[in-house]
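Report on the structure given below.
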Amino acid sequence: MRSTRVSPSIAPVERAYLVGITLPRVRREDEIENLRELELLVRTAGAEVVGRTIQGRTRIDGATFIGQGKVEELGQAIHDNAANLVIFDDDLTPAQARNIEKRLDVNVIDRTELILDIFARRARTRQARIQVEIAQLTYALPRLRRLWEHLSRQEGGIGTRGPGETQIEVDRRRARDRMAHLAKELEKIHRGAEERRKRREELFNVTIVGYTNAGKSTLLNRIAGSGVLESDRLFSTLDSTTRRVSCPGGQPFLLTDTIGFIRKLPPHLVASFKVTLLDVREADLLLHVADAGVLRCEDHIAVVNGVLEEVLGKDSRGGAERGAAGEDGTGDAPGGDAPGFRIPTILVLNKIDLIEDAGARKALRARHPGAVLASAATGEGLGDLLAVVEAHTGMDFVEAEVLLSPEDGKAIAAVERTTKVLSRKLAGDRMVFSVRIRKRDLAILERVAPVRLRFRSLA
Ligand SMILES: Nc1nc2c(ncn2[C@@H]2O[C@H](COP(=O)(O)OP(=O)(O)OP(=O)(O)O)[C@@H](O)[C@H]2O)c(=O)[nH]1
Ligand SMILES: [Mg+2]
């Protein structure tokens, strides 16, 4: 029996030809940059790029994406460059990929497949492997017929005819069974993670997020002196690593490095990396690391913000810059932010060592007023960064008064569970609890009783 598992479609010797398209409102320079990124992805996957083309189109062709005539041209280019793989920067429908493949007789994949391939290669832990496989199967299900055609062609003889409908149905069922099994496995791992998480709850959790290759792992290594793999390839990190670190003032916190994001990150991947992305959802503070040295730094920041919104839910995140000290830092207005619904975020403009020009640095600062300019490589700016983190750890707790009925045992239990009770007194028929509570737990409390926040004493 053949396996329904999708094997990485790129072998090390593959010679890839890249295809991008520009629709009327897409700028050509943007697509050039997109193809440059695609090339990085291809190299990360171990293939060689032998040529590229950008097609200007007024609309997408339903059958072949780029249109019949362009497919013919592409055929010639593939022949001239001895390419054996065509990679589209945009996602193809299964039918489009099938049609183009039939014409060109080489393997045709799209950006999503490429990213899935890279993830499959990079996955080291059981959790990452399961997450990638679920994403691959989700992607493959509607394409099973196409994969079968691949297989039959590779094995020769049978031509391009797919297997009978029955076989595909059997395969679909097997793929679904496998997905259900993997989901259960993941659930088990998830429960283990839950345990670890409980243990971590005591400390302030800072999570590093950012575009792939921005320098997230380098930053963790630099701050925590750990040995997480840093490389100039994309998606070096698929699993989270957490280290305990101390602020200059001695306040300890946990620093977690996570998976990088990218433009058009396949939605199946975001969905299946939920467990890994828990580190993002449960952070007290996010460090959004961006590579200040790349041309499209702002675009990358926007992409990461978009993925964060997807992961956290809209309105859950403090603006990348609003969260930085100075603005958010001084405005610790009780009740102002709904805790638990947003995560303060500090934008870290990394690789600042690459920007020597004082004018360029000034412009960066002006564009991102709340950001910290830093270099994980040289250590520049990391003192400032830690000071900002320290200010946030201090703001993590608030004092509040909770009003309860003395008979409401459930609410009292919730107060005792989530807060440090400073005092209790009776006021009329109500109990007034003065408590110290982590901001993010306020929402839990608000669900059981009215909460009145107290300004912290300035004395
Ligand atoms: N010049 C310079 N290079 C840096 C700096 N920080 C990281 N790098 C380099 O950038 C590349 C990517 O660094 P990583 O730390 O692996 O990036 P990452 O964000 O963890 O990437 P993924 O895990 O792949 O998403 C490596 O070659 C680093 O040496 C910096 O401050 N300055
Ligand atoms: Mg990394």
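Values quoted throughout were computed directly from the atomic coordinates according to the rules given, and no laboratory measurement underlies them. Quantities reported herein were computed from a predicted structural model and do not represent experimental measurements. Cβ atoms come from the backbone with ideal geometry, glycine included; neighbour counts cover every protein chain shown.
Some values worked out for this structure:
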item: Burial ranking of peptide ranges 18-24, 82-88 (average Cβ count within 10 Å, highest at the top); result: 82-88, 18-24
item: Cα-based shape type of the range 356-459, given that a ≥ b ≥ c are square roots of the gyration tensor eigenvalues and the cut on a/c is 1.5; result: prolate
item: In sequence order, calculated HN-Hα J values of the range 54-65 (Karplus, 6.51, -1.76, 1.60; Hz; x Gly/Pro); result: 10, 9, x, 10, 8, 7, 7, 7, x, 7, 10, 6
item: Computed label-point distance, nm, for sites Arg244 and Lys410 using a 7 Å Cα→Cβ extension; result: 3.7
item: Alpha-carbon centroids, the range 44-113 and the range 372-444: separation in whole Å; result: 55
item: Formal net charge of residues neighbouring Leu404 (Cβ-Cβ distance under 14 Å; K, R +1; D, E -1); result: +1
item: Unsatisfied cross-links (Cα-Cα over 22 Å) in the set Lys184/Lys274; Lys188/Lys216; Lys184/Lys264; Lys188/Lys274; Lys184/Lys410; result: Lys188/Lys216; Lys184/Lys264; Lys184/Lys410
item: For Val42, Val170, Val289, order by how many other beta-carbon atoms lie within 10 Å, fewest first; result: Val170, Val42, Val289
